[in-house]
Every structure is written in C-alpha cells, then in structure tokens.
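Below is a structure I'd like to ask you about.
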Amino acid sequence: MDQILINGGYPLNGEVTVSGAKNAALPIIAATILTGGRFTFHNVPILKDIESIQALLVDMGAEVEFSDNTLSIDTGNLSDFEAPYEHVRKMRASILVLGPLLARMKRARVSLPGGCAIGARPIEQHLNGLSHLGAEISLAHGYVEASAQNLTGAEIYLDLPTVTGTENLMMAAVLAEGRTVLHNVAREPEITALADVLNLMGADISGSGSSTITINGVKELHPVTATIIPDRIETGTFMVAAALTGGEIVINTCEPTHLKELALKLEKTGAEIEYRDRSIRVRGSHPINSVDVKTMPYPGFPTDMQAQFMVLMSVANGFSVISENVFENRFIHVSELRRMGADITISGSHAMVRGVPELSGAPVMATDLRASASLILAGMIARGTTRINRVYHLDRGYDRIEKKFSRLGASIKRISV
Ligand code: EPU
C-alpha cells in the first residue's frame, strides 16, 4: 500500500499543466457504448477511475488501448449489457453505462451503486427519467434491471440537477424516438463536454450548459475522435495551493471560465489572480483573509473544492463558515484536519473554521478523493512531516499529483509500505 510523505513549509512556485477531466472523461467513455466502432480520445487522465471504466467496457466486449493519454475504444463487438457489482463497487460512476446500454442494447443490468463516504447518493432521478422515456425498470438482488424495445422522447423535470443523472438521460434520449426536453438539469462544464461529443457523433442536443436541454432523437450515431476538457477541480486544487503556500503558480492548459466562483472567493482571501487565454496565474499573499463559502451546483462553488478551501480557511486570519449543500456527509476530512491542529467545529451542514497560526504534521487517513487532496495541501503548510495513508482514494481522481507538486517545489514523495 502506498503512502504520501510531505515535509511542510515550502512555498510553491513555477508552472504546472493540468490533466484531462475525470468527470468529463467517464461519461464520454460510457457514450462509446451507444454505437459500434473505433473511438479515439486524447488528453485522457491516467487514473484508477479511468482504468475501472475501461475494465467494465472490456468485460462487455469492447477492445481498449490506452497509451500516452490517448484512449482508443472499439465497441463494434459489444455483446454484454451488464455492469456487475465487482465493477460498480469500485466506482459509483459505473452507473453511467445504464443510459447508453438501454439505448443501444435495449436492455441493461447494472448493480445499484449504494452510498459512499460522502453521502447516500441515491439514483432515483436517473431511474424516474428513464421510466419517462419508456423503460421498464425493476430492482432485484441489488441490481437495476431496465429494458425498452423503443425509448420515446418525453418532457422530464428533475427534482434536483444531478450531474450523472443528466448525463445518463442525455445518453438514453439521443437514440429515442422524437423530442426529449430535460428540465432542471445540471449545468456543469462536463455536461456540455458530453453534449459536444454526442453531437459530434451525430446526436441533436441543444441547451447544454443551461438548465433545459432539448434532444431530438436520431436514428444512428457514429464513432469519433475527441479531446477531453481540462480538469477544473485539479486546476482549482493548484489555485488553492498557491494561495495557501504564499507561492506563485502558473496553471497551464486549463479553462479559466470554469472556475469563476472559486477565483472570486480566492481573490477575497487576498490571492492575486491573473487570467490568460488557457492559463491562470495565482499568487498567494499573507495574511489570508477569512471568507465564507457555500457549495452549490455549477456555476456555484463546487463541492469538489470544499475540502481544499477549508484547509486555506484553517490558517486564515479570523473566522469563516463553510456550508456543504450538495452532499450530506462531506466533512469527513475535518477530523483529520483537527488532528493537524485545525480549529473546526461542525454543526449540521456548516463547518465553523477559526484560523490558527499554523498546522502541524501528523499521520492522517485519506477518506475520499477530494479529502485526500485537502490533506496534501494541509501537509504542504504544516510544520514537520505528514504521512497520508489510503492514498488509493487520491489515485482515483488525480493524475500523478505528487509529482506535479514536487516539481513546483513541495517536499513530497510516495512510498510503498
Ligand atoms: N441525488 C439524489 N438523487 C439522484 C441523484 C442525486 O438525491 O437521483 C443527490 C445526491 O445524493 C447528492 C446531490 O444530488 O446529494 C448531487 O449529486 P449528483 O448526482 O449531482 O452527483 P454525481 O453525479 O453522483 C458528480 C461527480 C462528483 C461531484 C458531483 C457534484 C462524476 C462522475 N461525479 O457526482 O464528483 O461531486 O457530481 O458536483 O461526475 C469527485 O470527482 O470527487 C466527485 C465526487
């Protein structure tokens, strides 16, 4: 098992290149199920979650090659319509195959994802939407079983703007008969990235990025070559790292427009931010001002940046309130940060953070993906050594991040124990 060892106290300086977005790549890879043929995707990040979805597709009969961030998938011989428990338990996002399997194979059998460390994470919006499109859905033995001879376009109102739910319904509706209008959908950039690839494949989708998406069903789709958009959460993690360590980082090949809300908050903490076309320069300043944050669906402050921002507030000057409005249990990192000397109290969905002069290094446990990133950030400013256990959470969603931080001047290394 790997651990990450960090000696704190080094400001970060230099340039870093952002990898492709995990949460854009996963639905786009699932979309290859929709039609047979060879797809090629560039800028695919090297991550455990990408390995997981590849393994799932291979089990269904796809041929996959991955080298130098280019992923080639041939779905010509796809024969299976099942996502078994062994895959789904490793990665909840496996649920993304449900919509496309139903559209192409007319049947899908997908293990129910269940909850995870950050919340219960139900999928009833996915299932209700698919029923509106005409699918017969039943739950048995921990699996969702769905079938539909013909999916038919429908007007669907989501109760909440679920990201993977919106993606599943878009993928199911592209081959449905007639028009589907999805209301109250998620507006994340990853939704637009998926819609762009589906349109390139021959789909007719408009409105992505807004809260209503219209899909005119088409008869067939074809394989394409596409490039995965940059990861906005990795970008945001580097932005916070610069603000936190008082360094100056230029983050290249990113998409600054995807990070407006985080950038506004960081500017309020005192960080200087300069935007260029495809890069952001962030310079940290001291003292760090305390700023309140509420997580919201895009374009609000991302829940996936909450843990990282909390580390910044834990050494800020004063008191801040961080409210988590997307997931019901996304404060698990708090107890680990407290062990490093942070002064944080939780009350329901609010974390009250009183800034302390410094954190101190400690052995800590990563509990989920973004919590792991927050512990790395904390370790980089803590006095002494921080040892992070269970870094497999980190490897699910950050492409060799310790190497990137090391090149920026952090004293960080991975060890096998
Ligand atoms: N929800 C329901 N019912 C549903 C669907 C969602 O109640 O049918 C609730 C969830 O329980 C949650 C909220 O709605 O409280 C938002 O969940 P959403 O469905 O939008 O999340 P997701 O699609 O499962 C994606 C990302 C997450 C990210 C969230 C929120 C992918 C593969 N995952 O999850 O990414 O936190 O959107 O932005 O796109 C991560 O990368 O670390 C990560 C967890």
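The values are calculated or read from the model by the stated rules, or taken from the named source; none is laboratory data. Source: prediction; values computed, not measured. Neighbour counts run over all protein chains shown; Cβ positions are idealised from the backbone, glycine included.
Here is a check on your reading of the model: is Ser206 at negative phi, within 16 Å of the ligand (Cβ to nearest atom) and hydroxyl-bearing (Ser, Thr, Tyr)?
no
If you don't mind, another one. Take the residues of segment 338-371 that are without any contact (Cβ under 8 Å) to a residue 24 or more places away in the chain and polar (S, T, N, Q): which is nearest to Val391 (Cα to Cα)?
Thr345
Of the residues Lys260, Lys294, which single one is within 16 Å of the ligand (Cβ to nearest atom), part of a strand (DSSP E or B) and modelled with pLDDT of 95 or more?
Answer to the selection: Lys294.
Hand me the list of strands (runs of 3 or more DSSP E) wholly inside segment 16-134 holding 3 or more residues that are more than 16 Å from the chain's Cα centre (by Cα) and modelled with pLDDT under 95.
Because the criterion is at least 3 residues that are more than 16 Å from the chain's Cα centre (by Cα) and modelled with pLDDT under 95, no strands (runs of 3 or more DSSP E) in segment 16-134 meet it.
Let me ask something else about it. Filter segment 160-196 for residues that are among the β-branched types (Val, Ile, Thr) and either part of a helix (DSSP H, G or I) or away from the ligand (no atom under 12 Å from the Cβ) (or both); which is nearest to Thr303 (Cα to Cα)?
Val163
State whether one or more residues within segment 323-334 are modelled with pLDDT of 95 or more and among the acidic types (Asp, Glu).
Checked segment 323-334: at least one residue is modelled with pLDDT of 95 or more and among the acidic types (Asp, Glu).
While we're on this one: For segment 197-226, give me each residue that is surrounded by 19 or more Cβ atoms within 10 Å (Cβ to Cβ) and part of a helix (DSSP H, G or I).
Val197, Leu198
Still on this structure: For segment 136-147, give me the residue count where each residue is at negative phi, small (Gly, Ala, Ser) and surrounded by fewer than 23 Cβ atoms within 10 Å (Cβ to Cβ).
Qualifying residue count for the region: 3.
Among the residues that make up segment 51-70, is at least one of them closer than 13 Å to Ser94 by Cα, in contact with a Lys or Arg (Cβ under 8 Å, 6 or more places away or on another chain) and of a type in the set (S, T, N, Q)?
yes
If you take the residues of segment 305-325 that are surrounded by fewer than 21 Cβ atoms within 10 Å (Cβ to Cβ) and closer than 26 Å to Pro189 by Cβ, which of them is farthest from the chain's Cα centre (by Cα)?
My answer is Ser323.
Shifting gears a bit: Please go through segment 364-386 and give me each residue that is among the charged types (D, E, K, R) and either under 19 Å from Asn23 (Cα atoms) or within 12 Å of the ligand (Cβ to nearest atom) (or both), ordered by number.
Within segment 364-386, Asp368, Arg370 qualify.
State whether one or more residues within segment 136-147 are part of a helix (DSSP H, G or I), among the hydroxyl-bearing types (Ser, Thr, Tyr) and out of contact with any Pro (no Cβ under 6 Å at 6 or more places or on another chain).
Checking segment 136-147: not a single residue is part of a helix (DSSP H, G or I), among the hydroxyl-bearing types (Ser, Thr, Tyr) and out of contact with any Pro (no Cβ under 6 Å at 6 or more places or on another chain).
Scan segment 272-291 for residues that are outside any loop (DSSP other than H, G, I, E, B) and within 28 Å of Arg354 (Cβ to Cβ) and jot them down.
Glu272, Ile273, Val282, Arg283, Asn289
Let me ask something else. Only one residue in Ala176, Ala140, Ala148, Ala135 is of a type in the set (Gly, Ala, Ser) and under 19 Å from Ala195 (Cα atoms), so which one is that?
From the options Ala176, Ala140, Ala148, Ala135, the qualifying one is Ala176.
Let me ask another. State the number of residues belonging to segment 105-122 that are surrounded by fewer than 21 Cβ atoms within 10 Å (Cβ to Cβ) and closer than 17 Å to Met171 by Cα.
Counting residues in segment 105-122 that are surrounded by fewer than 21 Cβ atoms within 10 Å (Cβ to Cβ) and closer than 17 Å to Met171 by Cα gives 4.
In segment 297-331, how many are away from the ligand (no atom under 16 Å from the Cβ), of a type outside the set (A, V, I, L, M, F, W, C) and closer than 17 Å to Thr237 by Cα?
1
Would you pick out the residues in segment 144-159 that are closer than 12 Å to Thr180 by Cβ and away from the ligand (no atom under 16 Å from the Cβ)?
Residues satisfying the conditions are Leu151, Thr152, Gly153, Ala154, Glu155.
Within segment 265-274, can one find any residue that is within 16 Å of the ligand (Cβ to nearest atom), modelled with pLDDT of 95 or more and buried (at least 17 other Cβ atoms within 10 Å of the Cβ)?
Scanning segment 265-274, I find no residue that is within 16 Å of the ligand (Cβ to nearest atom), modelled with pLDDT of 95 or more and buried (at least 17 other Cβ atoms within 10 Å of the Cβ), so the answer is no.
Then there's this: Could you list all residues from segment 372-400 that are in a helix (DSSP H, G or I), in contact with a strand residue (DSSP E or B) (Cβ under 9 Å, 6 or more places away or on another chain) and surrounded by 19 or more Cβ atoms within 10 Å (Cβ to Cβ)?
Ser372, Leu375, Ile376, Ala378, Gly379, Met380, Leu394, Asp395
Continuing with this model, one more query. Considering Thr180, Thr235, which residue is among the hydroxyl-bearing types (Ser, Thr, Tyr) and either more than 30 Å from Arg283 (Cβ to Cβ) or not assigned by TED's automatic domain parsing to the domain that holds Gly270 (or both)?
Thr180
Here is a follow-up. Report, by residue number, each residue of segment 327-343 that is surrounded by 15 or more Cβ atoms within 10 Å (Cβ to Cβ) and more than 15 Å from Ala371 (Cα to Cα).
Gly341
Here's a follow-up. Let me spell it out: the conditions are (1) in contact with a His (Cβ under 8 Å, 6 or more places away or on another chain); (2) closer than 19 Å to Leu47 by Cα, and Arg400 meets all of them except one. Which number is the exception?
(1)
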